[in-house]
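Working notes, beginning with the structure itself.
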Amino acid sequence: MPCCRSNIIADLLSIDREIQILEDQLDETDGDLNLLDIVLHDIAPVLYCDFTPSLTISDSNGAFNLLYNCPPPAMLGKAASLTHTAPSTVWTDSIEVGGVGHPVVWVIKGVYVRGQLTTVAAVGVDTAQAVSAPSDGMEDIPLFDLLDIASSGFWVGEVGPQFPNGVRIVYASRRTAEYSEIPTEEMYSSPSAWLDSVVPECQDELTQAFCFASGQPEFEVSYRVRGVKTGNTRWLRARGVRAVWDGVTMAFGTIEDVTPKVEAEAFRQRLRLILNGMQAGQPDIIALYDISRYKAHGTIEPLFLTQAIERITGIPWRPMLHRALDPKDIAVSFHPDERGWAMNRLRLFLEGQGPFRIEHRFVHIHTGALRHMVTQGAIGRDKAGQPASAIIIGFDRTAEHAAVTAMRRTEQLFERMSETIEDAFYIADPATILEERYNPDHLQHISAAAWNIFGISAPVLCDNPVLWLDTVVPEDRQRVDDQLTAFRNEARDNPVTARLAITYDIDVDGVQKRIMHKSRMTVNMRGRAVNFVGTWTDITAHAREEIALNRVRRRYEFMSDNIEAVYYLISRVPGSHEFEVLNVNRYYETLTGRSIEPLLSRGSAEWFELVHPDDKEHIIADGQDKVFRLLLDDGRVRHVVDRRVQFKVIDGKVESAGLIVDITELVTSQNRKLEAQAQLHRAQRLESLGVLAGGVAHEFGNMTAVIMGNADMAFDMCDEETGVHALLEPIIEACTRASVFTGKLLAYSGKGMNTVTRVNLTRLLLELKDFVQASLPPNVSVELALVPEDSLPPVCGDPQQLRQVVSILVNNGAEAIGAEQGRLIISTRQCSCETQCCVIMSVADTGVGMDERTRSRLFDPFVTREVGKGMSLAAVHGIVSNHGGMVSVRSALGEGAEFTVTLPASEGRRCRIKKPY
């Protein structure tokens with residue numbers, strides 16, 4: 001900010017020098033005007049007349065008085081029509097004096113100041129005296145000789161389309177040639193030579209003006225030329241009028257150097273921009289006063305004033321610029337406690353009795369806002385040594401004052417904190433710490449808590465910082481020294497990121513403490529080290545708590561990882577089924593075969609991949625305990641139960657803990673138990689039916705035997721011709737069928753076996769091959785998959801009943817195939833069970849299959865609605881059971897069925913003949 005203000009003062013001094021230069025140029029212009037006045041008054045062809053704003057003559061030359069007694073009405077009319085937007089006009093008059101005609105070309109121009117007419121000047125040329133005809137000898141005219149000594153240039157040209165640029169210069173004064181650095185002879189000889197010095201961007205406009213392209217009888221144009229010899233540039237202003245006589249269009253006018261005016265105007269605009277910017281944007285008060293009248297009248301006149309005075313004091317700044325100011329008018333803005341002495345210092349300064357620099361406060365007259373200021377000024381004196389001008393600058397130090405006040409409060413707070421905080425902290429000079437060893441000569445500051453940690457007072461430790469190293473226990477000392485050295489090296493190479501964080505034990509009067517030591521560098525905006533800051537923290541209690549916590553954590557982890565259940569902790573948004581897994585024990589990997597990391601990163605998305613597809617909707621439903629299945633990556637299915645409890649809500653999320661227990665063995669055992677109970681129930685039911693069937697078969701067999709015997713005897717006793725045979729044959733046939741049915745009942749009940757021998761099932765099936773194929777419809781084919789006879793051990797059984805089993809199973813398969821093309825596969829094989837060797841025979845078909853309900857009642861008697869076939873599969877079950885074996889079936893709708901008969905092998909044991917029931 002001071003640099004900015006010094007620049008402003010330098011600019012103001014430069015402005016003063018520029019004003020002095022302009023004053024010198026004004027003096028030179030006054031001389032030129034005096035010379036022009038001589039020319040206008042003493043040269044006969046030139047007529048000159050000045051008018052007041054009321055159009056009365058204020059001055060005129062002899063040539064005007066000779067031709068005119070008074071201004072002609074036409075001239076007054078032209079003068080009255082002038083305005084500030086059209087301040088000039090050209091008028092041609094013709095007057096006869098003494099029988100001689102005098103054509104006069106008049107240029108009438110009004111001078112306006114701030115829009116008001118101040119004077120009207122009329123300059124005319126008596127063309128009859130000035131030139132008789134265009135000629136290259138115009139330099140011989142006395143008027144032109146006089147114009148050569150004027151400060152402005154004069155020119156005469158002939159206008160016509162026959163010239164390359166529309167005009168030919170027939171006369172040019174010495175000044176005109178000096179401006180362009182082109183000799184007049186060259187201008188006369190070459191019609192376009194006069195344009196050579198004009199810069200390209202101005203040539204078109206200048207040519208149009210000199211040719212009177214606008215149609216007006218006069219022109220005025222400003223343009224820039226560059227000397228053809230020196231290259232110097234200047235701004236010129238050309239004025240011209242047009243006159244026609246004897247059919248020739250002539251033009252004549254003046255050229256003046258307006259470079260100082262153009263540069264002064266540009267400088268004025270630039271200065272105005274600077275001053276306007278300073279007035280509006282300068283945060284400090286800058287005032288420039290004319291104080292030459294202060295001693296006599298007690299007032300000063302503001303020359304320049306920034307708007308900051310209104311923002312700071314509330315006094316409007318613009319009215320202050322347009323009136324004489326009494327310094328007492330601003331006294332109200334000073335703080336009441338400082339108003340008297342501040343105004344006295346200002347008075348002495350304006351009287352020129354001493355320097356001016358005060359620190360004070362301004363009070364805003366409207367808001368009461370307080371501003372802390374530093375105001376100083378300087379006096380400018382005239383040639384007599386009296387005070388003439390003063391510049392006063394008021395610096396707004398409110399922000400600096402607030403910063404200093406805040407810093408003082410911060411220092412006080414810092415001192416209080418250093419006295420009360422339990423951690424010891426220090427500030428050190430980096431130059432002392434970045435030595436070969438971490439051994440500073442002194443610390444800039446250390447808090448009082450150093451006594452509580454090291455038993456060393458803060459002043460002593462500041463003067464001798466290495467004392468704290470002596471308290472480090474011997475086993476940690478080398479490690480501490482190495483880490484301090486590494487920190488010093490890092491701080492030297494990269495001070496921005498260098499950090500020290502080290503824990504070690506110290507011994508203070510036999511008491512061992514655990515200390516956390518941290519340090520880093522503070523750097524400025526350029527990244528250079530300013531100082532070191534560090535802390536010592538007594539973490540003894542924390543270390544003990546951490547040891548206890550680690551002990552508890554290890555126990556928890558041991559228990560968690562060794563229980564045969566998945567323990568988890570999850571977090572979810574209320575109402576959402578997605579969750580984040582916060583913790584899970586290692587049994588998760590044992591149960592699922594997956595790693596824990598994907599579950600922790602993906603959460604519920606990973607978990608739902610393991611849930612059986614049929615159970616996903618079930619586990620999404622609300623409820624604390626849920627039983628569902630997991631479908632593992634290897635295809636195994638595990639049954640689990642999830643017991644979850646919600647225990648707290650953190651940041652709008654519900655945290656829950658739970659256990660997932662593998663109950664697959666329990667479910668499997670329960671299923672086996674239920675299946676065994678079902679089998680027991682089924683066996684008890686079949687046994688009851690068998691007892692009933694055996695009793696019915698025995699009684700029914702006895703009655704059938706009586707009917708059969710009597711019918712058979714009656715058949716033998718009667719002749720065939722009697723017709724009784726036709727009556728007895730249906731009786732005998734019915735008794736035969738009843739006998740077969742009775743046999744099936746006895747077979748189902750297990751009481752129909754009569755003869756038991758060793759039977760090789762492969763040989764038995766080979767013997768029945770042709771019979772089986774013949775009994776089947778043509779759309780059913782038979783395939784045998786039999787092991788060799790010598791490889792298959794025999795079984796003990798009734799061959800007839802075993803053939804009956806094969807026949808029933810084959811017929812059942814053919815019925816299942818129906819009219820569609822199909823096949824039966826009959827096979828035998830040996831199976832070594834845990835207790836004995838078994839022989840297996842299976843009959844598989846490609847029929848329609850059956851559902852679970854049909855399979856559960858397949859071996860019950862009379863389950864089919866077809867007459868006479870209700871005991872077939874029941875008889876198979878009874879025969880196989882009576883042989884000590886079992887029959888099972890595997891089937892599904894649309895997949896056919898496979899009946900498997902398992903019989904114990906004889907293994908060389910003797911087969912006994914079982915007596916009938």
- Pairs where the first residue, in the range 452-466, is of a type in the set (Ser, Thr, Tyr) and the second is open to solvent by less than 30 Å² (accessible area, probe 1.4 Å), C-beta under 9 Å, 6+ apart: SER457/ALA450
- Message: Being open to solvent by 20 Å² or more (accessible area, probe 1.4 Å) and under 60 Å from the mean Cα position of the chain (by Cα) is the filter here; which residues of the range 188-213 pass it?
- Response: PRO200, GLU201, GLN203, ASP204, GLU205
- Task: Please name all residue pairs, on different chains or six or more residues apart, with Cβ atoms under 7 Å, provided the first residue is in the range 65-78 and is at negative phi and the second residue is exposed (fewer than 13 other Cβ atoms within 10 Å of the Cβ).
- Result: LEU67/VAL97
- Query: Mind checking which residues of the range 153-187 are in contact with a strand residue (DSSP E or B) (Cβ under 7 Å, 6 or more places away or on another chain), farther than 19 Å from SER222 by Cβ and open to solvent by 50 Å² or more (accessible area, probe 1.4 Å)?
  - Reply: ARG168
- Item | Test result for GLU617, open to solvent by 70 Å² or more (accessible area, probe 1.4 Å), in a helix (DSSP H, G or I), modelled with pLDDT of 90 or more and charged (D, E, K, R) | no
- Message: Just checking, does the range 126-145 include any residue being touching an Asp or Glu at 6+ places or on another chain (Cβ under 8 Å) and at pLDDT 80 or above?
- Response: no
- Task: Output the qualifying pairs, or none if there are none: Cβ atoms under 7 angstrom, residues six or more apart or on different chains, first residue in the range 202-229 and under 19 Å from LYS109 (Cα atoms) and free of Cβ contacts under 8 Å to residues at least 60 places away in the same chain, second residue open to solvent by 20 Å² or more (accessible area, probe 1.4 Å) and of a type outside the set (Asp, Glu).
- Result: ALA209/PHE219; PHE212/VAL159; PHE212/PHE219; PHE212/ARG242; SER222/TRP235; SER222/ARG237
- Query: Restricting the first residue to the range 776-792 and requiring it to be touching a residue at least 12 places away in the same chain (Cβ under 8 Å), which pairs with a second residue that is aromatic (Phe, Trp, Tyr) and open to solvent by 40 Å² or more (accessible area, probe 1.4 Å) meet a Cβ separation below 6 Å and a spacing of at least six or different chains?
  - Reply: none
- Message: Just checking, does the range 637-646 include any residue being closer than 27 Å to MET559 by Cα, of a type in the set (D, E, K, R) and surrounded by fewer than 13 Cβ atoms within 10 Å (Cβ to Cβ)?
- Response: no
- Task: Could you tell me which numbered condition LEU728 fails, if it satisfies all but one of (1) more than 30 Å from PRO904 (Cβ to Cβ); (2) loosely packed, with under 13 Cβ neighbours inside 10 Å; (3) modelled with pLDDT under 80?
- Result: (2)
- Considering each residue of the range 382-398, count those that are among the aliphatic types (A, V, I, L, M) and open to solvent by 70 Å² or more (accessible area, probe 1.4 Å), and give that number. 1
- Message: Residues to consider are ARG544, ARG586; find the one that is basic (Lys, Arg) and under 29 Å from VAL654 (Cβ atoms).
- Response: ARG586
- Message: It is to be established whether one or more residues within the range 251-261 are surrounded by fewer than 17 Cβ atoms within 10 Å (Cβ to Cβ), farther than 30 Å from ILE392 by Cβ and of a type in the set (Asp, Glu).
- Response: no
- Message: Can you tell me which condition LEU630 does not meet? The list is (1) within 25 Å of VAL667 (Cβ to Cβ); (2) of a type outside the set (Val, Ile, Thr); (3) touching a residue at least 12 places away in the same chain (Cβ under 8 Å); (4) not in a strand (DSSP E or B), and all the others hold.
- Response: (4)
- Message: On the basis of being of a type outside the set (A, V, I, L, M) and touching a residue at least 40 places away in the same chain (Cβ under 8 Å), does LYS261 make the cut?
- Response: no
- Query: Going through the range 250-266 one residue at a time, which ones are in a helix (DSSP H, G or I) and touching a helix residue (DSSP H, G or I) at 6+ places or on another chain (Cβ under 8 Å)?
  - Reply: PRO260, ALA264
- Which one is modelled with the highest pLDDT among residues in the range 36-61 that are open to solvent by 40 Å² or more (accessible area, probe 1.4 Å) and part of a helix (DSSP H, G or I)? ASP37
- Task: Identify all residues within the range 111-128 that are crowded, with 17+ Cβ neighbours inside 10 Å and touching a Phe, Trp or Tyr at 6+ places or on another chain (Cβ under 9 Å); write none if there are none.
- Result: VAL120, ALA121, ALA122, VAL123, GLY124, VAL125, THR127
- Message: Within the range 174-197, does at least one residue satisfy the condition of being farther than 17 Å from THR254 by Cβ, touching a Gly at 6+ places or on another chain (Cβ under 9 Å) and touching a residue at least 60 places away in the same chain (Cβ under 8 Å)?
- Response: no
- Can you tell me which residue within the range 217-249, out of those that are part of a loop (DSSP other than H, G, I, E, B) and either of a type outside the set (Lys, Arg) or under 19 Å from ALA266 (Cα atoms) (or both), is least open to solvent (accessible area, probe 1.4 Å)? GLY227
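The values are calculated or read from the model by the stated rules, or taken from the named source; none is laboratory data. For clarity, every value in this text was computed on a predicted model and none was experimentally measured. When we count neighbours, we look across all protein chains shown, and the Cβ atoms used for this are built from the backbone with ideal geometry, even at glycine. When the accessible area is computed, the model is the full protein with side chains, heavy atoms only, and any ligands, DNA or RNA have been set aside. Shrake-Rupley method; radii C 1.70, N 1.55, O 1.52, S 1.80 Å.
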